[in-house]
Amino acid sequence: MTGEVAVLGAGMHPWGKWGRGFVEYGTVAARAALADAGVDWRDVGSIVGADTVRGGYPGYVAGATFAKALGWQGARVASVYAACASGAQAVNTARAQILSGLADVVLVVGADAAPKGFFRPAGGDRADDPDWLRFRVLGATNPTYFGLYARRRMAVHGDTLEDFAQVKVKNAALGALNPNARYRKRVTAEEVAASAVVADPLRLLDICATSDGAAALVLSSMEFARRHGAADPVRIRAVSTVTPRYPNTVLDLPDIATDSAVAAEPAADTFRASIARAAYEEAGIGPEDLSLAEVYDLSTALELQWYEDLELCGEGEAAKLLREGATAPGGRIPVNASGGLASFGEAVPAQAIAQVCELTWQLRGAAGDRQVAGARVGITANQGLFGHGSSVIAVR
């Protein structure tokens, strides 16, 4: 087990399409997190920014970008990019600095001003870039492989369109209660079924949007937290950023081929399952200890897959868990109490940080109408392209 760090503050800029720059969003979230922590910006020893690579030059040096926007004060800076896992890697970098003694207080910020429509690679010919290849060779936009994952679940586990729709119904109802969510309207299963087909079998309401938004955290050493008057703060107990293991025998876009298993036996776990397993092992807990989970619902079908990858149920049992109401408010293990990406959309560098913000509010008992009763342990999970794991376990 690794030492814990305290979450002193959490802040967000609401998700939406605001037409402004990501620096503005990140600055709003950072100031909200600092105010929540009761920490003056001048007392922050380091700032870690999750990069926004589409935002022009400043996006590639997000740490310094936000340090400048908040006012130069000499803090250390770091910038990280790991696609959708960028926020978790930023949290991990901050935690490492705190545990190593390099800083007592670290501000973590991620923000994005996303383009309309699906994400696509930057311009130019890059035959060594798997993301570029899947667009150029296969024409596979993100919704295409969301649809392939959904088809696989239907073929292998018997999931239905009605199961997928119920994930959206659940998450939309929770998003309606979240002031930071972009979509704050309940939907019915009939409305999901009536929405346009995007990538068969998935409808428009099965797939998350691309959004503007930001999230920030103020992390500190436990010693600083006690001196600061936070005797029982939310604590980060584990961060998993693992990579896949060879051979990978199930196609996982943007990679467009699998490895041969002739030379080596495949790992017992899939890549996504290994992300959560590493977090559990580091935290010294198991899935039975969880109060709630925030997962990466790029599509309704992918949320169901995370139920199994987090070991909330056995393989092929995710739809059954959903139907029983176990992942809904009041259930055994509520999932995406925030409303998930279904309600927020993707703001890539911010979303893994936003997941930890939700855990923080839930573990404090400060989540309002979406509060999970008695929440004590929470996990986040998402996956960054090119083999970036992302999972954070927070406790109270």
Q. For region 115-122, what does the Karplus curve 6.51 cos²θ - 1.76 cosθ + 1.60, with θ = phi - 60°, yield as ³J(HN,Hα) per residue in whole Hz, taken in order and with x for Gly and Pro?
A. x, 6, x, 7, 6, 9, x, 5
Q. Given region 167-240, what whole percent of its Cα pairs are spread farther than 22 Å?
A. 51 percent
Q. Between region 70-145 and region 175-220, what's the alpha-carbon centroid distance in Å?
A. 21 Å
Q: Just need the relative contact order of the chain here, percent rounded to a whole number, with Cα pairs under 8 Å and 6+ apart.
A: 25 percent
Q | the chain: Cα Rg divided by the 2.2 N^0.38 Å rule of thumb | A | 0.93
Q. Which one of 225, 150, 366 has the biggest mean-square fluctuation once the chain is modelled by GNM with Cα springs under 10 Å?
A. 366
Q) 222 nm [θ] for the chain, helices only, -39500 (n - 2.57) per DSSP H run of 4+, per residue, to 500? A) -10500 deg cm²/dmol
Q.
Can you compute the charge dipole magnitude of region 154-282 about its Cα centre, using +1 on each Lys and Arg Cβ and -1 on each Asp and Glu Cβ, nothing else charged? Give it in debye, rounded to the nearest 20.
A. 780 debye
Q.
Suppose accessible area is computed on protein heavy atoms with a 1.4 Å probe; arrange 259, 125 from highest to lowest.
A. 125, 259
Q | Pairs of Lys in the chain closer than 19 Å at Cα, counting only those 8 or more apart or on different chains | A | 6
**Q.** Diffusion coefficient, µm² s⁻¹, Stokes-Einstein with Kirkwood Rh over alpha-carbon pairs of region 272-338 at 25 °C and 0.890 mPa s
**A.** 205 µm²/s
Q: Specify the residue with the greatest mean-square fluctuation among 112, 40, 104, computed from a Gaussian network of the chain linking alpha-carbon atoms under 10 Å apart.
A: 40
Q. From the backbone phi of region 377-389, what are the Karplus-calculated ³J(HN,Hα) couplings (6.51 cos²θ - 1.76 cosθ + 1.60, θ = phi - 60°) in whole Hz, Gly and Pro given as x?
A. 9, x, 10, 10, 7, 7, 9, x, 3, 6, x, 9, x
Q. What is the extension gain from residue 127 to residue 256, computed as 0.36 nm multiplied by their sequence separation minus the C-alpha to C-alpha distance, in nm to one decimal?
A. 45.2 nm
Q. Residue 217: accessible area at probe 1.4 Å, nearest 10 Å²?
A. 0 Å²
Q. Taking the chain as a Gaussian network, Cα atoms linked when under 10 Å apart, which of 246, 149, 280 shows the biggest mean-square fluctuation?
A. 246
Q: Leaving ligands, DNA and RNA out of it, report the carbon-plus-sulfur percent of the accessible area of region 268-396 at a 1.4 Å probe.
A: 47 percent
Q) Given 270, 115, 70, which one lies farthest toward the positive end of the charge dipole of the chain, if we put +1 on the Cβ of every Lys and Arg and -1 on the Cβ of every Asp and Glu? A) 70
Q: Over the chain, give the accessible area per residue in Å² for a 1.4 Å probe, as an integer.
A: 39 Å²
**Q.** P(r) of region 166-304 over all Cα-Cα pairs, binned every 10 Å from zero, in whole percent
**A.** 9, 25, 30, 26, 9, 2
Q: Note down the net charge around residue 168, summing +1 for each Lys or Arg and -1 for each Asp or Glu among other residues with Cβ under 12 Å from its Cβ.
A: -3
Q.
Tell me the relative contact order for region 1-139 as a rounded percent, counting alpha carbon contacts under 8 Å between residues six or more apart.
A. 26 percent
Q) Between residue 113 and residues 5 or more places away or on another chain, which pairs have amide H atoms under 5 Å apart, with H built 1.01 Å from N, and which residues are they? A) 22
(Q) Could you compute how much accessible surface residue 144 exposes when probed at 1.4 Å, giving the result in Å² to the nearest 10? (A) 50 Å²
Q. Mean separation of Cα pairs under 8 Å and 6+ residues apart, divided by the residue count of region 294-370: what relative contact order is that in percent?
A. 31 percent
Q | For region 127-135, 3J(HN,Hα) per residue [Karplus equation, 6.51 cos²θ - 1.76 cosθ + 1.60, θ = phi - 60°, Hz, x = Gly/Pro] | A | 5, 9, 9, x, 5, 5, 5, 5, 6
(Q) Sorted from largest to smallest, which semi-axis lengths in Å does the alpha carbon gyration tensor of region 272-396 give for its equivalent ellipsoid, taking the root of 5 times each eigenvalue? (A) 18, 17, 16
Q: Amide H neighbours of residue 17 under 5 Å, at least 5 residues apart or on other chains, H built in the peptide plane: list them.
A: 212
Q: Could you pull out every residue, at least 5 positions away or on a different chain, whose amide H is within less than 5 Å of the one on residue 209? Hs are placed 1.01 Å off N in the peptide plane, and Pro or chain starts have none.
A: 345, 346
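The values are calculated or read from the model by the stated rules, or taken from the named source; none is laboratory data. Here the structure is a predicted model, which means the values were calculated and not measured. Cβ coordinates were reconstructed from backbone atoms using ideal geometry, including for glycine residues, and neighbour counts include every protein chain displayed. When the accessible area is computed, the model is the full protein with side chains, heavy atoms only, and any ligands, DNA or RNA have been set aside. Shrake-Rupley method; radii C 1.70, N 1.55, O 1.52, S 1.80 Å.
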